[in-house]
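These notes concern the structure reproduced below.
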Amino acid sequence: MAGKAGGERPQGASLGEMRFMTVAEVADIMRVSKMTVYRLVHSGELPAVRVGRSFRVPEQAVHDYVRGSFMGTA
């Protein structure tokens with residue numbers, strides 16, 4: 001499931017520079033439930049890597065997702 005995005009890396013970022021967040025941290029920042037974050041990960045909308053039985057989300061992926069989700073208002 002996480003293999004979809006597991007190999008993706010932000011441009012120019014080395015593995016040592018990448019910061020990963022837990023699902024709970026992402027949920028807290030986005031002010032949504034952990035289940036919502038899991039849905040985003042499983043649907044492929046939010047890239048994540050699987051570490052054992054849990055997921056880690058690249059911090060930059062969270063910023064990119066939020067930035068790309070803004071809707072224009074009239």
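When you scan segment 56-65, do you find a residue that is polar (S, T, N, Q) and touching a residue at least 40 places away in the same chain (Cβ under 8 Å), even just one? Show your work before the answer.
Taking segment 56-65 first, the residues polar (S, T, N, Q) are 60.
Retained after the next criterion (residues that are touching a residue at least 40 places away in the same chain (Cβ under 8 Å)): 60.
Yes - at least one qualifying residue is present in segment 56-65.
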Of (1) loosely packed, with under 14 Cβ neighbours inside 10 Å; (2) at pLDDT below 95; (3) small (G, A, S); (4) touching a strand residue (DSSP E or B) at 6+ places or on another chain (Cβ under 9 Å), A2 satisfies every one except (1)
Give the residues of segment 34-54 that are free of Cβ contacts under 8 Å to residues at least 12 places away in the same chain and either touching a helix residue (DSSP H, G or I) at 6+ places or on another chain (Cβ under 6 Å) or closer than 14 Å to V66 by Cα (or both), sorted by residue number. K34, T36
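Would you be able to tell me the number of residues in segment 49-70 that are of a type in the set (K, R) and under 9 Å from the mean Cα position of the chain (by Cα)?
The initial filter retains those residues of segment 49-70 that are of a type in the set (K, R), namely 50, 53, 56, 67.
So of that shortlist, the ones also under 9 Å from the mean Cα position of the chain (by Cα) come out as 56.
So the answer is 1.
The values are calculated or read from the model by the stated rules, or taken from the named source; none is laboratory data. Since the structure is predicted, the reported quantities are computational estimates derived from the model, not experimental observations. Cβ atoms come from the backbone with ideal geometry, glycine included; neighbour counts cover every protein chain shown.
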